[in-house]
Amino acid sequence: MARYPIRVFGDPVLRTPASDVVEIDAALHRLADDMLETMYAAPGVGLAAPQVGIQQRFFVYDIGDGPGAVVNPRIVATSGEWKYDEGCLSVPGLYFEIVRPGLVTLEGTGLDGQRLLIEADGLLARLFLHETDHLDGHLLLDRLDKRTRKQAMRIIREDGLSDEQSPRHVGSR
Ligand code: ZN
């Protein structure tokens, strides 16, 4: 297995909507393994293909219940509202309190070619929304209110992005 460098904010690949995966082949299985290895090493709980420079609609995750992978995911239903401190491997070191739906239904295909329909709440729902955002070229910075976003951009401009420093919470709480 191999590790990819993780693309960070400023890299245009993170702003480009990804294309559908057309075939679940050996290369995609290898990509899944490498992305999981990259994610665990980071460490993180989710990683979308554009974050390693690959413009395909695909992500891997593990919130502690074992690894998962979803091909061509689509959020088909959402409900509720939940505020949670969210971070992103592509915006390292910064955390933001973001409101998102608390319950989601995700449709997609598994690596085995089987159709997936997953109802998720809590952290898993959050992860599905965050990763599908990546596939549409969106970052968590786009989910911030104007003031917090400005504050985040100033920090990024002045201090740069690094996960070497202690985690920094941006915005009001
Ligand atoms: Zn992310």
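The values are calculated or read from the model by the stated rules, or taken from the named source; none is laboratory data. Just so it is clear, the model here is predicted, and its values are computed rather than measured. Heads up, the Cβs are rebuilt from the backbone with ideal geometry, glycines too, and the neighbour counts pull from every protein chain shown. Note: areas computed on protein heavy atoms with side chains; ligands, DNA, RNA excluded. Shrake-Rupley method; radii C 1.70, N 1.55, O 1.52, S 1.80 Å.
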State yes or no: is residue 40 touching a helix residue (DSSP H, G or I) at 6+ places or on another chain (Cβ under 7 Å), open to solvent by 60 Å² or more (accessible area, probe 1.4 Å) and over 18 Å from residue 139 (Cα atoms)?
no
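Going by what's in this entry, would residue 155 be described as at pLDDT below 95 and β-branched (Val, Ile, Thr)?
In short, yes.
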Applying the selection to segment 103-139, what residues are in a helix (DSSP H, G or I), away from the ligand (no atom under 11 Å from the Cβ) and within 22 Å of residue 24 (Cα to Cα)?
128
Segment 54-95 - residue that is closer than 19 Å to residue 141 by Cβ and out of contact with any strand residue (DSSP E or B) (no Cβ under 7 Å at 6 or more places or on another chain) and, of those, nearest to the ligand (Cβ to nearest atom):
88
Restricting the search to segment 57-75, which residues are surrounded by fewer than 19 Cβ atoms within 10 Å (Cβ to Cβ) and under 13 Å from the mean Cα position of the chain (by Cα)?
62, 63
Which residue pairs have Cβ atoms closer than 9 Å, lie 6 or more positions apart in sequence or on different chains, and pair a first residue in segment 115-139 that is free of Cβ contacts under 8 Å to residues at least 60 places away in the same chain and of a type outside the set (Phe, Trp, Tyr) with a second residue that is surrounded by fewer than 17 Cβ atoms within 10 Å (Cβ to Cβ) and part of a helix (DSSP H, G or I)?
133/142; 138/15
Condition (residue is closer than 19 Å to residue 7 by Cβ and in a helix (DSSP H, G or I)) applied to segment 78-87: is it met by at least one residue?
no
Find the residue count for segment 19-51, including only residues that are out of contact with any Leu (no Cβ under 8 Å at 6 or more places or on another chain) and either within 13 Å of the ligand (Cβ to nearest atom) or of a type in the set (S, T, N, Q) (or both).
1
